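What follows is a short report on a single structure.
The values are calculated or read from the model by the stated rules, or taken from the named source; none is laboratory data. If you're wondering where the values come from, they're calculated on a predicted model, not measured in any experiment. Don't worry about glycine lacking a Cβ; one is built from the backbone with ideal geometry, like all the others, and counts go over all protein chains shown.
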Amino acid sequence: STTGQDFKVADLSLASFGRKEITLAEHEMPGLMAIRREYAADKPLAGARVTGSLHMTVQTAVLIETLVALGAEVRWASCNIFSTQDHAAAAIAVGPEGTADNPQGIPVFAWKGETLEEYWWCTEQALTWPNTPTGGPNMILDDGGDATLLVHKGVEYEKAGAAPSVDTAENDEHRVILQLLNRTLSENAQKWTQLASEIRGVTEETTTGVHRLYEMQQAGSLLFPAINVNDSVTKSKFDNKYGCRHSLVDGINRATDVLIGGKVALVCGYGDVGKGCAESLRGQGARVLITEVDPICALQAAMDGYQVVTLDDAVETADIFVTTTGNKDIIMASDMAKMKHQAIVGNIGHFDNEIDMAGLAAIDGIVKDEVKPQVHTWTWPDGKILIVLSEGRLLNLGNATGHPSFVMSNSFANQTIAQIELFTKPESYPTDVYVLPKHLDEKVARLHLDALGVKLTTLRPEQAAYIGVPVEGPYKPDHYRY
Ligand code: NAI
């Protein structure tokens, strides 16, 4: 890796490969590129210092360069230890004008296969802006909420005058965070408080990060306004669903190459991600089972033709297990003990607490072996083997390359619009959690129609009056669920 410069990536020589894929991705991201063209002259993000914490992929590279084209300065880290595409990170560090010998790009701190210490170091680097008034960003673009969490925990502990001792840590990751914040407190007891004072807001990408934001809002601890990008219709009903429909089987295939047809696959959770995953596996000919806690989603799964079971019902017979819940403790070590030989276990939810990896490692006599990076066998003393993908972390980004460009163009068009909203109209957004107005959601969809040859019908004025909507939209009330 490269040090001594204001970035850290795996291998700068991958930059030209990354640049080629970025160029191909731009064509597949028509919404994002249209927004880039629309705002390039105005530069609404001039003066914005955006800290991004979001999977450093080829698609994210196009997002980053869009923010820069709109006038922003950017510092970036990945939001998962396995999700960086090293060629994309290298291309961002080098920049379109630079070379591997003379990098001129963006401070990016990301490589595939970070340790937890490295991961949180990278997050801190992305949040630390040299030579600025507060030493920090004035905008955050988050995925899962780790950058936002670090700032909030930092401020909380600075107010208290101390961070909890590392001995109180609940797990490895918590210990790393406490270590980091104990260090920053000893270096500068106002680091996070100063930094937070200038942050105009955060735009949050995913269900899990949004959940954290609403918790802080309800607790009264949210420090700055937030836009919930996930709940734009053109995000969660597209990325979470159609994105996972693509990238779930991509991850399983690249990891194992096992034939999915005919196998029994169990998908835990039938929300947006679960719906995409179930369809993806069914498309390959798997017999798909669902677990759910929500009667509405369970009924949807049944009406979509899936059998809805409990984990206990299927744990001994299913071949492939996928968790999609955003909840914790979904598949425990005691469940994995009952699974059949060479069953495959993976998670596509945001965090790694859906599968009890610590419990698995603690089983008496169990042996972990690496088949290749992000694919491990766990062998019981009696010879039974379980295949675990990405150590329980989101497998579509760990074992494959995440969602393809076209769907991410929708998500990232929402992200860019949300950044512009919060940065340019701070007076319209007192501290709270917001979703983008529907006309902007419809705009994002509109920007993707031409590329797919979609021809929209135009409402006639009498028809618009009859159903009570403007001819130019928005076409649905806010409570409509699509
Ligand atoms: P969602 O809330 O729409 O769906 C989750 C579903 O899991 C809900 O229907 C819920 O009832 C169900 N569930 C909760 N506890 C359960 C349990 N114990 N057993 C069975 N089902 C249970 O959330 P969404 O949008 O589907 O996101 C799920 C997770 O995936 C989140 O962590 C999100 O951040 C993440 N995500 C990951 C992506 C990826 O590319 N890997 C893309 C988008 C989201």
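Please go through the range 148-200 and give me each residue that is touching a Leu at 6+ places or on another chain (Cβ under 8 Å), outside any helix (DSSP H, G or I) and closer than 24 Å to Pro430 by Cα, ordered by number. Of everything in the range 148-200, those that are touching a Leu at 6+ places or on another chain (Cβ under 8 Å), outside any helix (DSSP H, G or I) and closer than 24 Å to Pro430 by Cα turn out to be Ile199, Arg200.
Quick one: which residue in Thr310, Thr323 is surrounded by 23 or more Cβ atoms within 10 Å (Cβ to Cβ), among the hydroxyl-bearing types (Ser, Thr, Tyr) and within 14 Å of the ligand (Cβ to nearest atom)?
Numbers: Thr310 fails: surrounded by 23 or more Cβ atoms within 10 Å (Cβ to Cβ).
Matching residue, one of Thr310, Thr323: Thr323.
Against the condition surrounded by fewer than 19 Cβ atoms within 10 Å (Cβ to Cβ) and within 16 Å of the ligand (Cβ to nearest atom), how does Phe351 come out, does it pass?
Numbers: surrounded by fewer than 19 Cβ atoms within 10 Å (Cβ to Cβ): yes; within 16 Å of the ligand (Cβ to nearest atom): yes.
So Phe351 fits the description; yes.
Across the range 354-379, which residue is farthest from the ligand (Cβ to nearest atom) among those that are surrounded by 16 or more Cβ atoms within 10 Å (Cβ to Cβ) and in a loop (DSSP other than H, G, I, E, B)? Among residues in the range 354-379 that are surrounded by 16 or more Cβ atoms within 10 Å (Cβ to Cβ) and in a loop (DSSP other than H, G, I, E, B), the one farthest from the ligand (Cβ to nearest atom) is Ile366. Could you list, in sequence order, all residues of the range 235-264 that are touching a His at 6+ places or on another chain (Cβ under 8 Å) and either of a type in the set (D, E, K, R) or more than 12 Å from the ligand (Cβ to nearest atom) (or both)? Result: Asp239, single match.
Contact map, the range 133-147: residues that are part of a helix (DSSP H, G or I) paired with residues that are of a type in the set (Val, Ile, Thr) and more than 16 Å from the ligand (Cβ to nearest atom), Cβ distance under 7 Å, separation 6+ or inter-chain. Pairs shown: Asp146/Thr123; Ala147/Thr51; Ala147/Thr123; Ala147/Ile140. Pairing residues of the range 268-293 that are over 17 Å from Ala343 (Cα atoms) with residues that are near the ligand (Cβ under 6 Å from one of its atoms) and part of a strand (DSSP E or B), at Cβ distances under 8 Å and at least 6 apart in sequence or on separate chains, gives Gly269/Thr291; Gly274/Cys268; Thr291/Cys268.
Within the range 267-307, the set of residues being in a strand (DSSP E or B) and within 12 Å of the ligand (Cβ to nearest atom) comprises Val267, Cys268, Leu289, Ile290, Thr291. The listed residues are Arg393, Arg460, and the only one of them that is among the charged types (D, E, K, R) and either surrounded by 12 or more Cβ atoms within 10 Å (Cβ to Cβ) or within 30 Å of Glu198 (Cβ to Cβ) (or both) turns out to be Arg393. Of the helices (runs of 4 or more DSSP H) that lie entirely inside the range 1-97, not one contains 1 or more residues that are at pLDDT below 95. How many residues are over 30 Å from Lys43 (Cα atoms), among the β-branched types (Val, Ile, Thr) and within 15 Å of the ligand (Cβ to nearest atom) if we restrict to the range 380-431? Final tally of qualifying residues: 1.
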